[in-house]
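Colleague: Quick one: structure below, then a few questions.
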Amino acid sequence: MALKPEPTAPFHSVQYALRVLESVSKHGNGVTDAQISRETGLPTGHLASLLLTLRREGYVEQVSDGAYVIGASLLLLGSGAARRQALEDRLQLTLSELRDSVGAAVYLSRYVDGEVSVTQVADGPLTPAVNEWVDFRSSAHASAVGKCLLAQLDHDGRRDHISRHRTARLTSRTITDEKILFSQLDAQSATVPVLDLQEYAVGTVCAAVSLTAGSAAGCLALSLPIEDAHRLRSAAETLSRRAAPVLLSLAL
């Protein structure tokens, strides 16, 4: 619905804001200010100040390519399945931006009901996901994701997991000795990325950082082919710095 701007009327300003939010909500992958202007009939000059206000209040956000997406404040107004889907879409967008920032496939994982669960992945033609040649649930002792999640459990929680999933040797670098594994997990700092240097799969290196919210164990991880191993530590540091927006999305 196109509108003719009447900025002197307060209730019209609210109407314009609603039209803008409707336009942004229709485009899950983002929409430019020019397209919003076409859809609402608002001139770009009037639209710019309105978008600035909506950004300040958290109802829209501007992503790296300049497009606008719905913000956290708007997501919180929803409920039920629509709200959950909106949150998942928002989180996927955040992961995709992170993938492009670190130049690697990115994974969001949680420890749910005693199992490792990779809940979301952001990959692409230039950043392929790791080949899950052994179920991630059965290889926590060897993967960066698994070790990062196990490090967040107490001793009994780790032993319970290992009792159900034996520490099989997946590559020549895999740690299969439980005492050595537990010792490494005990020494792992929550602020330092967990690394997997071809322990899970030959030809792949990975890193994971903790995403702990209350008692729930979670992590953010990335994978790189062995030829890009020289980028692993710097990419892991970027991953750690950028973890806060992901944690915020989870909290919502």
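The values are calculated or read from the model by the stated rules, or taken from the named source; none is laboratory data. Small disclaimer: the values here were computed from a predicted structure and weren't measured. No Cβ is skipped: glycine too gets one built from the backbone with ideal geometry, and neighbour counts run over all protein chains shown. Just so you know, the surface numbers come from the protein's heavy atoms only, side chains and all, with ligands and any DNA or RNA stripped out. Shrake-Rupley method; radii C 1.70, N 1.55, O 1.52, S 1.80 Å.
Colleague: Taking the condition of being open to solvent by 20 Å² or more (accessible area, probe 1.4 Å), within 13 Å of residue 193 (Cα to Cα) and out of contact with any Leu (no Cβ under 7 Å at 6 or more places or on another chain), how many residues in region 146-172 meet it?
Modeller: 1
Colleague: Taking the residues in region 24-52 that are free of Cβ contacts under 8 Å to residues at least 24 places away in the same chain and among the hydroxyl-bearing types (Ser, Thr, Tyr) as candidates, determine which candidate is surrounded by the most Cβ atoms within 10 Å (Cβ to Cβ).
Modeller: 37
Colleague: If I ask for residues that are within 12 Å of residue 195 (Cβ to Cβ) and either assigned to a strand (DSSP E or B) or small (Gly, Ala, Ser) (or both), which ones from region 215-239 would you list?
Modeller: Within region 215-239, 221, 222, 223, 224, 229, 235, 236 qualify.
Colleague: Now a separate question. Only one of these is assigned to a loop (DSSP other than H, G, I, E, B), of a type outside the set (Asp, Glu) and at pLDDT below 85: 2, 81, 86. Name it.
Modeller: 2
Colleague: Can you say whether residue 92 is at pLDDT below 85, open to solvent by 30 Å² or more (accessible area, probe 1.4 Å), of a type outside the set (A, V, I, L, M) and out of contact with any helix residue (DSSP H, G or I) (no Cβ under 8 Å at 6 or more places or on another chain), as far as the supplied structure shows?
Modeller: On the way: at pLDDT below 85: no; open to solvent by 30 Å² or more (accessible area, probe 1.4 Å): yes; of a type outside the set (A, V, I, L, M): yes; out of contact with any helix residue (DSSP H, G or I) (no Cβ under 8 Å at 6 or more places or on another chain): yes.
No, not satisfied.
Colleague: Could you count how many residues in region 188-214 are among the aliphatic types (A, V, I, L, M), outside any strand (DSSP E or B) and at pLDDT below 95?
Modeller: The number of residues fulfilling the criteria is 3.
Colleague: Related question: If residue 184 passes every condition in (1) open to solvent by 30 Å² or more (accessible area, probe 1.4 Å); (2) assigned to a loop (DSSP other than H, G, I, E, B); (3) within 21 Å of residue 233 (Cβ to Cβ) but one, which one does it miss?
Modeller: Residue 184 satisfies every listed condition except (2).
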